[in-house]
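The structure appears right after this line, and notes come after that.
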Amino acid sequence: MDINTYEQIVYSISKKSWEFDKVFSELLEEFPSERKESVRSILSQEYQKHIKKGFKAGHSDVKKAAVYKSVRQAAASGEPDGAIVRLAQQGAASSALTARMVLEEYLTENNKKDGREVTKPGEYKDQALKSQTSMLMKDTTLIEDGKLAMEIFLATIKDDSYGPLAEAIKHSIGEEHEQKLKDCLTKLDIPFSDENVLRVQGYDKTPDIKLEVPISVDGHIINWIESKALFGDPEAHQGYLRDQFWSYMNRFGSGMVIYWFGYISQLDTNRSAGIILSDHFPTNIVRYKPEMIKDFSCPGDDILQVNKSLGSLAIS
């Protein structure tokens, strides 16, 4: 994708509400020639940037108490389920993170009633409470308050980027595309080691795939392949270069990154340095075939003699 198109999509997102499904449908109509998965990934990444930017202000002690109070009042007044989702939409916030905030306040309140105090609002005296929050987010049936349990559950399934369900889906998609990469290599009978094997061998920085025998793609030698089931935008790509790709380059030589959901074409600037980008498994692969190597002895080799007395090569 050209950077101008990417910037147009980002600009369009910035002018819309943060109702994910609604915005996604509108973007597909505005940019019909772009891949559906590319648009969705860009929207998800922009949504996460937005949430991170306002996280600190939106999760202050005062804000937590106010949101918890609003949810309790909604339940008491008989409002329909989905109060947390509605509050999150009004504040352009993550419904799953808002639900976690409410759940933390609920558990803190209950622990105080049981004589288990915290140091100050929002700070746990013991990490067990934080672990309990994570556990209940994953299984809301364990929350004693049935009404609150439903609110937490709805908030997690309505969030496309945060929460246990969203994280599980993202992990599954990542695993699916890593397996797709392995299946392609196996089908072509290209030997490789995955990151699990490399860790056992003692490597601390491991790409998804390390080829046992390098291949060539577009004239570039490929020793490793990294699978990324997302769109390669400037922020994500620079972070991966810093934290992963250059480390792979230093340890294993040149390699390839596959951004399965596309990337900004102007980011593919490190080919000469040994890192090339793609949005699909390469089809133009050149493989090393040692069986094609023949004996290319030079004519006249028979007249070369070793002068043993001098320990040198001489021509008679």
Check your understanding: When you look at residue 273, is it in a loop (DSSP other than H, G, I, E, B) and either modelled with pLDDT under 95 or over 19 Å from the mean Cα position of the chain (by Cα) (or both), yes or no?
Key -> yes
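Applying the selection to segment 91-108, what residues are part of a loop (DSSP other than H, G, I, E, B) and either at pLDDT below 85 or open to solvent by 20 Å² or more (accessible area, probe 1.4 Å) (or both)? Talk me through it step by step, then tell me what you get.
Quick first cut of segment 91-108, residues part of a loop (DSSP other than H, G, I, E, B) only: 91-94.
Passing the criteria: 91, 92, 93.
How about segment 152-180: which of its residues are part of a helix (DSSP H, G or I), among the charged types (D, E, K, R) and open to solvent by less than 40 Å² (accessible area, probe 1.4 Å)?
Our first condition is that a residue be part of a helix (DSSP H, G or I); within segment 152-180, this holds for 152-157, 164-180.
Next cut, among the charged types (D, E, K, R) only: 167, 170, 175-176, 178, 180.
Scanning segment 152-180 gives a single hit, 178.
Just to be sure, is residue 49 closer than 30 Å to residue 7 by Cα, free of Cβ contacts under 8 Å to residues at least 40 places away in the same chain and out of contact with any Lys or Arg (no Cβ under 6 Å at 6 or more places or on another chain)?
Numbers: closer than 30 Å to residue 7 by Cα: yes; free of Cβ contacts under 8 Å to residues at least 40 places away in the same chain: no; out of contact with any Lys or Arg (no Cβ under 6 Å at 6 or more places or on another chain): yes.
No; evaluated as a whole, the condition is false for this residue.
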Check your understanding: In this structure, does residue 39 turn out to be over 21 Å from residue 155 (Cα atoms), modelled with pLDDT under 90 and β-branched (Val, Ile, Thr)?
Key -> no
Review point. Just for segment 181-232: of the residues that are open to solvent by less than 50 Å² (accessible area, probe 1.4 Å) and basic (Lys, Arg), which one is farthest from residue 38 (Cα to Cα)?
Key: 210
Review point. List pairs: first in segment 172-197 and without any contact (Cβ under 8 Å) to a residue 60 or more places away in the chain, second open to solvent by 40 Å² or more (accessible area, probe 1.4 Å) and of a type in the set (Val, Ile, Thr), Cβ under 7 Å, 6+ apart or cross-chain?
Key: 191/213
Check your understanding: Name the residues in segment 57-96 that are of a type in the set (S, T, N, Q) and more than 28 Å from the chain's Cα centre (by Cα), would you?
Key -> 70, 73, 77
Exercise for review: Go through (1) open to solvent by less than 20 Å² (accessible area, probe 1.4 Å); (2) closer than 20 Å to residue 166 by Cα and name the single condition residue 87 misses.
Suggested key: (1)
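The values are calculated or read from the model by the stated rules, or taken from the named source; none is laboratory data. The model shown is predicted, which means the values in this text are computed figures rather than measured ones. Neighbour counts run over all protein chains shown; Cβ positions are idealised from the backbone, glycine included. Just so you know, the surface numbers come from the protein's heavy atoms only, side chains and all, with ligands and any DNA or RNA stripped out. Shrake-Rupley method; radii C 1.70, N 1.55, O 1.52, S 1.80 Å.
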